[in-house]
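Enquirer: Please find one structure pasted underneath; my questions will follow.
The values are calculated or read from the model by the stated rules, or taken from the named source; none is laboratory data. Note that the structure is a prediction, hence the values are computed from the model and not measured. For neighbour counting, all protein chains shown are included, and Cβ atoms are generated from backbone atoms with ideal geometry for every residue, glycine included.
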Amino acid sequence: MEFQISIASTPIDVGYTLDCGQVFRWQLNYDGWWLGVVKGYVLKIKRLGDSLMVKTSSEDADEQFVRRYLRLDDALPKILYEIRKDELISNAVSRLNGLRLIRQDPWECTASFICATYKNINAIQQMIFSLSRSLGEPIKFEDATYYSFPTAETIAKIDDELIKACGLGYRAEFLIETARNIASGDVVLENLAKTSYENARSVLLSEQSKGKKKLLPGVGLKVADCILLFSLEHLEAFPIDVWIRRAVLRFYLHLFDEAKVSKMISNVEQNGSIGPAEYRQVSEVMRRYFGAYAGYAQEYLYHYTRVYEPLLLSRGL
């Protein structure tokens, strides 16, 4: 199936959007097409003037499907205007204008960010590719075979050695247990889009009623925020990774009181990271600072400081 989507009034930069670290199943082909697998469909997307050229493996992956996935319903100019609070974010917006958040499948997003813990983007992509090739369903498209991401029900039944063979290491146990609790209905991810950010995050971090074991092992504060932001409509979520932590310590300390600043810096110096209590404090302050679209600010800051201005953060932070 082939079609075009007009983007004259809905600006998007496809490269920034698909290659900024929020999603891991897209590759740029030599002929300028971005190719990815989304919810069991293969998509190819290429910008041509004021249109997106789209090819899909199924008629079910129609224009409405692609528009929803790319969040073309977000009023991006308005969002970017609202988050331009300071010089750093203004520079990021100017450099990356057109970057949109993706509306991902909640289960695949959850599994992907469990895999992402302490791994770079290339390693994450390889893990997800291996999981899909080993356990996903084949999809034929343009004389090639691709694979869907395996369902929670599929992974819930798999031995952890097979998952480890996909390069997950200790993450295999986390992924399998999380898959089992989602497949059993103990956590219904989609329902979390209908509740508040705080309530949704508390569910993702909750424990089983017996034994104090987490319902979703591998889902800590940062992974929970990624799931909420990238797949569950909570655009105020503000995930804090090493790049965002450095940006906060370098450019946003004036937003915090002196005691909290001292504790954060001490924690970083001792452990190389901030603890859960400081994470929550930083998240709250940054969400309050950037407002309802703090998640957009986070993604612009993350991609800008990581790729385009890493020297900004190089002074020992």
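Enquirer: Within the range 1-43, track down each residue that is in contact with an Asp or Glu (Cβ under 9 Å, 6 or more places away or on another chain) and farther than 26 Å from residue 235 by Cα.
Expert: 1, 3, 4, 28, 42
Enquirer: Is the range 90-104 home to any residue that is more than 19 Å from the chain's Cα centre (by Cα) and either without any contact (Cβ under 8 Å) to a residue 12 or more places away in the chain or over 30 Å from residue 310 (Cβ atoms) (or both)?
Expert: Going through the range 90-104, the residues more than 19 Å from the chain's Cα centre (by Cα) turn out to be 90-91, 94-95.
Then keep just the ones that are either without any contact (Cβ under 8 Å) to a residue 12 or more places away in the chain or over 30 Å from residue 310 (Cβ atoms) (or both); that gives 90, 94.
Yes, the range 90-104 has at least one match.
Enquirer: Still on this model: Go through the range 31-58 residue by residue and tally those that are in contact with a strand residue (DSSP E or B) (Cβ under 6 Å, 6 or more places away or on another chain), among the small types (Gly, Ala, Ser) and closer than 24 Å to residue 131 by Cα.
Expert: So the count comes out to 3.
Here is a yes/no grid of residues against (1) closer than 30 Å to residue 292 by Cα; (2) at pLDDT 95 or above; (3) under 22 Å from the mean Cα position of the chain (by Cα); (4) of a type in the set (Lys, Arg):
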| position | (1), (2), (3), (4) |
| --- | --- |
| 66 | yes, yes, yes, no |
| 72 | yes, yes, yes, no |
| 84 | yes, yes, yes, yes |
| 106 | yes, yes, yes, no |
| 142 | no, no, no, no |
| 154 | no, yes, no, no |
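Enquirer: Can I ask one more? Please tell me if residue 299 is closer than 22 Å to residue 81 by Cα and in contact (Cβ under 8 Å) with a residue 60 or more places away in the chain.
Expert: Yes, satisfied.
Enquirer: Is there a residue being more than 28 Å from residue 236 (Cβ to Cβ), free of Cβ contacts under 8 Å to residues at least 24 places away in the same chain and in contact with a strand residue (DSSP E or B) (Cβ under 7 Å, 6 or more places away or on another chain) anywhere in the range 145-167?
Expert: Among the residues of the range 145-167, at least one is more than 28 Å from residue 236 (Cβ to Cβ), free of Cβ contacts under 8 Å to residues at least 24 places away in the same chain and in contact with a strand residue (DSSP E or B) (Cβ under 7 Å, 6 or more places away or on another chain), which makes the answer yes.
Enquirer: Okay, next question. What strands (runs of 3 or more DSSP E) completely inside the range 1-77 contain at least 2 residues that are basic (Lys, Arg)? Walk me through it before giving the result.
Expert: Values: elements: 2-6, 26-28, 34-38, 41-48, 51-56.
In the range 1-77, the matching strands (runs of 3 or more DSSP E) lie at 41-48.
Enquirer: Kindly indicate the residue of the range 266-292 that is polar (S, T, N, Q) and surrounded by 15 or more Cβ atoms within 10 Å (Cβ to Cβ) and also modelled with the highest pLDDT among those meeting that condition.
Expert: Residues of the range 266-292 polar (S, T, N, Q): 266-267, 270-271, 273, 281, 283.
Those still in the list that are surrounded by 15 or more Cβ atoms within 10 Å (Cβ to Cβ) too: 267, 281, 283.
Details: 267: 72, 281: 91, 283: 94.
The selected residue is 283.
Enquirer: With the requirement that a residue be in contact with a Lys or Arg (Cβ under 8 Å, 6 or more places away or on another chain) and either at pLDDT 95 or above or not in a loop (DSSP other than H, G, I, E, B) (or both), what does the range 116-128 give you? Please lay out each step first, then the result.
Expert: Within the range 116-128, the first condition is being in contact with a Lys or Arg (Cβ under 8 Å, 6 or more places away or on another chain), and the residues that meet it are 117, 125, 127-128.
Residues satisfying the conditions are 125, 127, 128.
Enquirer: Can you pull out the helices (runs of 4 or more DSSP H) entirely within the range 188-274 that have at least 2 residues that are without any contact (Cβ under 8 Å) to a residue 40 or more places away in the chain and acidic (Asp, Glu)? Explain how you work it out, then say what you get.
Expert: Numbers: elements: 197-204, 221-231, 242-251, 258-271.
Correct list: 258-271.
Enquirer: Here is a follow-up. For the range 51-85, give me each residue that is among the charged types (D, E, K, R) and exposed (fewer than 13 other Cβ atoms within 10 Å of the Cβ). Lay out the reasoning, then the answer.
Expert: If we filter the range 51-85 for residues that are among the charged types (D, E, K, R), which is where we start, we get 55, 59-60, 62-63, 67-68, 71, 73-74, 78, 82, 84-85.
Residues satisfying the conditions are 59, 60, 68, 73, 78.
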